[in-house]
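The values are calculated or read from the model by the stated rules, or taken from the named source; none is laboratory data. Keep in mind it's a predicted model, so treat the numbers as computed, not measured. Here the Cβ is made from the backbone with ideal geometry for all residues, glycine too, and neighbour counts use every protein chain on show.
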Amino acid sequence: MAVERLQKILSNAGVASRRSAEAMIVAGRVAGNGKTLDTLGARADPEKDEITVDGTPVLRERYRYVALHKPTGVLSTTSDDRGRPTVVSLVDIEGATLRPVGRLDLESEGLILLTNDGALTELLTHPRHEVPKEYLVAIDQPLGKKGRERLVRGVRHEGERLKADSVQLVSPGGSSGDPDPRWLLITLHGGRKREIRRMLSVVGRRVVTLRRIRIGPLALGTLAAGSSRELTPEEVEALYEAAKAERKQSRGSMAAAAEAPGMAFPHPHPIAIDGPAASGKSTLARALVERFGYVLLDTGLMYRAIALAALRAEAPASDAGACAELARGGLLRLAVGGREVRVLLGEEDVTDLLRAPEVEGAVSDYAAIAEVRRELVAQQRLFAAQQPSVLVGRDIGSVVLRDAPVKLYLQASEEVRARRRGEQAAEWGAQQSASEAGRDISGRDTTDSTRAASPLVEPEGAIVIDTGELDADAMIARAIEAIEERAT
Ligand code: DC
């Protein structure tokens, strides 16, 4: 067996999804032959090396691949707390824990793939590798040429752009019959939630039946609803090939930049921005993500969210163990929406609560806890490895992304920053005078730069920009110039 990336071995072994496996690696929970392997590039030979997670050996399963014709009324999940049937309950493969690849709505039927091969799952569900899928769709009223063309051009629904690759009329009776304007063959790459139903609702049509009949090279064929079959090795190979071919087609787009962090294509990433409170980091970061098409993670929001969770749980900052548990427990989640990240505690989006005075007053103390930082740093590294991004904080260039190809350090006098923070506070709806803001800023600066764990410092190799002397446009121009220099 060839040497493979650690995250692939873990996901293939059914330990965790590729993403969760990456989180485990960077958190230092994974070892090979007793040695901790905590970098995402680490490789091992799953046949020869003993891989452990938290000290427990990982067993390797044989890969199995199953095509199922999901009937309507069956969930595309592995289990359901209400006891409803799931795609997994319809397939019985001894000795293997299969998971569905992607999903099909409860009311939809058709082809769904199940496997324990985490690498194929990851490949087929990655937005950049998604293979075209075909759906046979019956709608309540005929849809004319104009409506069909609109779907191919793309429509907007709840802020999202939904688009089909092609929409053709078909005959429900097979190729010999006349096309029926209420029967459509829709091909699309996207896998957004209820995408077909939503796009048809924009053109005023309701879906009556929806059946997926093809996933890339794999056709549903004559498989009856509720039945399944194992794929042949040739079919598995064809799926791998199709997904990889998709990647080639998208090369040259922004998405391709996600492939190799640090690559100077089309621009270097990730970008690290540090500096004291109100030094202009957010303004600059927003401009950069717009300019380069990256995603912005304001890591201060993560520390704020832990502070909020701790205040709610009445865990004081002196109880480092309890605070670390809040950071570790999978409670804090990041949701990418557009160019910025929103922060969730469990299912609750708390982003808009994180500037509240109670959080503002407490966050520095919680951010000083080394164990909390360790957890959040692991999540931040993982985030930066997953997409071209700009990370903003206090220790990004010095600790989190020490090897970032671009590090920016912003500074401004305390006076300038106090004035800015006073203005921002008014924007966030809080009443704060410039002198109060000044006291806040100076208190926070002291805690952030004198703490033992990752104090605020100017990172080695950083481009320092004094934002007190520059207006926002000049600051942004200066940073872009520095980044473009790095790209050439
Ligand atoms: O940037 P901000 O004001 O939202 O940050 C909130 C607090 O979190 C601040 O006290 C500094 C701390 N922080 C940190 O210690 N490390 C980071 N990477 C980001 C923020």
(request) Output the residues belonging to segment 440-467 that are surrounded by 17 or more Cβ atoms within 10 Å (Cβ to Cβ) and either away from the ligand (no atom under 12 Å from the Cβ) or not assigned by TED's automatic domain parsing to the domain that holds residue 421 (or both). (result) 462, 463, 465, 467
(message) Cβ-Cβ under 6 Å, sequence separation 6+ or interchain: first residue in segment 115-140 and within 24 Å of residue 97 (Cα to Cα), partner assigned to a loop (DSSP other than H, G, I, E, B) and β-branched (Val, Ile, Thr). Which pairs?
(response) 116/97; 121/101; 124/101
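Name the residues in segment 385-413 that are within 12 Å of the ligand (Cβ to nearest atom) and part of a helix (DSSP H, G or I), would you?
Passing the criteria: 396, 397, 398, 399, 400.
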(request) Name the one entry in 41, 73, 32 that is on the phi > 0 side of the Ramachandran plot and small (Gly, Ala, Ser). (result) 73
(request) Kindly establish whether residue 438 is touching a strand residue (DSSP E or B) at 6+ places or on another chain (Cβ under 8 Å) and of a type in the set (Gly, Ala, Ser). (result) no
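Considering each residue of segment 112-129, count those that are part of a loop (DSSP other than H, G, I, E, B) and in contact with a Leu (Cβ under 7 Å, 6 or more places away or on another chain), and give that number.
2
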(request) Sort out which residues of segment 282-300 are near the ligand (Cβ under 7 Å from one of its atoms) and either buried (at least 23 other Cβ atoms within 10 Å of the Cβ) or among the hydroxyl-bearing types (Ser, Thr, Tyr) (or both), and write them in order of number. (result) 299
(message) From the list 387, 411, exactly one residue is closer than 23 Å to residue 481 by Cα, surrounded by fewer than 21 Cβ atoms within 10 Å (Cβ to Cβ), in the same structural domain as residue 482 (by TED's automatic domain parsing) and touching an Asp or Glu at 6+ places or on another chain (Cβ under 7 Å). Which is it?
(response) 411
